[in-house]
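Read through the structure below, which is laid out as C-alpha cells, and then see the notes.
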Amino acid sequence: MTDSEQYRVRQEPFYRQQGNEVALYAAAYAARLPVMVKGPTGCGKSRFIEYMAWKLDRPLITVACNEDMTASDLVGRYLLEAGGTRWLDGPLTTAARIGAICYLDEIVEARQDTTVVIHPLTDHRRTLPLDKKGELLRAHVDFQLVISYNPGYQSLMKDLKQSTKQRFTAFDFDYPEAELEATILASESGIDRALAAQLVAVGTAARRLKGHGLDEGVSTRLLVYAATLVRHGVAAGDACRMALVRPITDDRDIRETLEHAIDAIFA
C-alpha cells in the first residue's frame, strides 16, 4: 500500500449538508485554497472534512492539536537509531509530500509558536521549510490545508493570530435544524424518526441553557450516543441522563432542569 493509499477514506461517511457547503468546499479545493471550519463541539466539522475527502477522492491526514504539540510534531524530526540517525516526516510534511488534505483539528489548542509553521503553506509559496533537514519542501499540487476550531472557547490566551486567520477561507458550522438532526440520529443509530425527534427536543432544551449555566450546548455527537444507547436496549430517559446530562454538567440545578425536560418529553 502506497503512502497515499493508507490515508484514503474508503467508505462514504454519512453526512447531510445544511446549506451549500459541499459545493463551496469543492470550489475551494479546486483552487487549492486553505480552509477554516468554525463551530461548536460535536456539530459535524470533522465529519464534513472526512466526507469531502471521500467525495474528492483525496487522502486525509488528521492531527488532533494539543498544547504540548511542537513544530517538530507537525514537521518531523531526526530519530536516533543503532546505525545513526533517520529523518521521520511529521503528518504535515507527509501530507504536503503526497498531496493529501491535512486537517488540523482544534488548532487553537496548539501553541502559537507552533502554528506559525503552517504559514508558508497557506499563501502563494505553498512551501514548507524543513530547517533541521536543510530542505525546502514544495507542496504537492493536490495538497490542501484545513483547520478547525470552536469560537466559543476563544480567549486572549487561546485564539488564532490575525496573521493566521487571514490566510484561510472559512465556513461557519452550527448544530443542524431539528428535522435534519433527527434524520442524522435515525441514520447513525438505527432508531425510528419519532424517537430521534424526541432526543433532538432534549438537545434543544439543553442548548437554551448555554450561557445560563452551561458553557456549551449538547452536541449532535452526544445525541447520537444517546440514540445508540437506546438502540442497544437502554430506556430513553436513562440514555439521555447517561449521554446528555452527566457528561456536560455537575451543577445540581442545571441537572434538575434537564431532568425535568427529559421527564416531560418522554412522559
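Checking the conditions here, which among ALA26, ALA53 is closer than 30 Å to GLU179 by Cβ, buried (at least 19 other Cβ atoms within 10 Å of the Cβ) and over 12 Å from the mean Cα position of the chain (by Cα)? Reasoning before the result, please.
On the way: ALA26 fails: buried (at least 19 other Cβ atoms within 10 Å of the Cβ).
That would be ALA53, the only listed residue that is closer than 30 Å to GLU179 by Cβ, buried (at least 19 other Cβ atoms within 10 Å of the Cβ) and over 12 Å from the mean Cα position of the chain (by Cα).
Give the number of residues within region 214-234 that are small (Gly, Ala, Ser) and closer than 18 Å to ARG255 by Cα. Before the answer, list the steps.
Quick first cut of region 214-234, residues small (Gly, Ala, Ser) only: 217, 219, 226-227, 233.
Keeping just the survivors that are closer than 18 Å to ARG255 by Cα gives 217, 219, 226.
Selection size over region 214-234: 3.
Only residues that are among the hydrophobic types (A, V, I, L, M, F, W, C) and crowded, with 19+ Cβ neighbours inside 10 Å: list them for region 56-68, please.
Those that are among the hydrophobic types (A, V, I, L, M, F, W, C) and crowded, with 19+ Cβ neighbours inside 10 Å: LEU60, ILE61, VAL63, CYS65.
Per-residue answers, yes or no, for (1) of a type in the set (A, V, I, L, M, F, W, C); (2) under 26 Å from LEU24 (Cα atoms); (3) not assigned by TED's automatic domain parsing to the domain that holds PHE168:
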{"position": "ASP57", "(1), (2), (3)": "no, yes, no"}
{"position": "THR62", "(1), (2), (3)": "no, yes, no"}
{"position": "ASP73", "(1), (2), (3)": "no, no, no"}
{"position": "ALA95", "(1), (2), (3)": "yes, yes, no"}
{"position": "GLY99", "(1), (2), (3)": "no, yes, no"}
{"position": "THR114", "(1), (2), (3)": "no, no, no"}
{"position": "VAL117", "(1), (2), (3)": "yes, no, no"}
{"position": "ASP123", "(1), (2), (3)": "no, yes, no"}
{"position": "ARG126", "(1), (2), (3)": "no, yes, no"}
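Those residues that are surrounded by fewer than 20 Cβ atoms within 10 Å (Cβ to Cβ), modelled with pLDDT of 90 or more and in a loop (DSSP other than H, G, I, E, B), I need them from region 133-166; list them, please.
Listed by number, the residues that qualify are LYS133, GLY134, HIS140, VAL141, ASP142, GLN166.
Among all residue pairs at least 6 apart or on different chains, which show Cβ distances below 7 Å where the first residue, located in region 15-34, is modelled with pLDDT of 95 or more and the second is surrounded by 15 or more Cβ atoms within 10 Å (Cβ to Cβ) and assigned to a loop (DSSP other than H, G, I, E, B)?
Going by the 7 Å Cβ cut-off, the qualifying pairs are PRO34/THR122; PRO34/ARG167; PRO34/PHE168.
For region 186-267, list the helices (runs of 4 or more DSSP H) that sit wholly inside it and hold at least 2 residues that are touching a His at 6+ places or on another chain (Cβ under 7 Å) and farther than 22 Å from GLY39 by Cβ; which are they? Don't jump to the end; show me each part of the working.
Working: elements: 193-207, 220-231, 236-240, 252-265.
Those helices (runs of 4 or more DSSP H) do not exist here; none qualify.
Scan region 78-87 and tell me whether some residue there is assigned to a helix (DSSP H, G or I) and either assigned by TED's automatic domain parsing to the domain that holds ARG16 or crowded, with 19+ Cβ neighbours inside 10 Å (or both). Even if it seems obvious, please write down each step before you answer.
Filtering region 78-87 down to residues assigned to a helix (DSSP H, G or I) leaves none.
So far as region 78-87 goes, no, none of its residues is assigned to a helix (DSSP H, G or I) and either assigned by TED's automatic domain parsing to the domain that holds ARG16 or crowded, with 19+ Cβ neighbours inside 10 Å (or both).
When region 219-234 is examined, which residues are found to be of a type outside the set (Gly, Ala, Ser) and touching a residue at least 60 places away in the same chain (Cβ under 8 Å)? Reasoning before the result, please.
Within region 219-234, the first condition is being of a type outside the set (Gly, Ala, Ser), and the residues that meet it are 220-225, 228-232, 234.
Matches in region 219-234: THR220, ARG221, LEU222.
Being under 17 Å from ALA197 (Cα atoms), among the β-branched types (Val, Ile, Thr) and crowded, with 19+ Cβ neighbours inside 10 Å is the filter; apply it to region 223-267 and report the residue that is farthest from the chain's Cα centre (by Cα).
ILE262
Go through region 56-77 and report how many residues are more than 16 Å from the chain's Cα centre (by Cα), part of a loop (DSSP other than H, G, I, E, B) and either among the basic types (Lys, Arg) or modelled with pLDDT under 95 (or both).
Here the count works out to 5.
Do the conditions hold for GLY39, that is, is it crowded, with 18+ Cβ neighbours inside 10 Å, within 17 Å of ILE147 (Cα to Cα) and touching a Lys or Arg at 6+ places or on another chain (Cβ under 6 Å)? Before the answer, list the steps.
Numbers: crowded, with 18+ Cβ neighbours inside 10 Å: yes; within 17 Å of ILE147 (Cα to Cα): yes; touching a Lys or Arg at 6+ places or on another chain (Cβ under 6 Å): yes.
Criteria met by GLY39.
Scan region 167-185 residue by residue and report those that are in a helix (DSSP H, G or I) and out of contact with any Lys or Arg (no Cβ under 8 Å at 6 or more places or on another chain).
If we filter region 167-185 for residues that are in a helix (DSSP H, G or I), which is where we start, we get 178-185.
Across region 167-185, the qualifying residues are ALA178, GLU179, GLU181, LEU185.
The values are calculated or read from the model by the stated rules, or taken from the named source; none is laboratory data. Remember, predicted model here, so these are calculated numbers, not experimental data. Cβ atoms come from the backbone with ideal geometry, glycine included; neighbour counts cover every protein chain shown.
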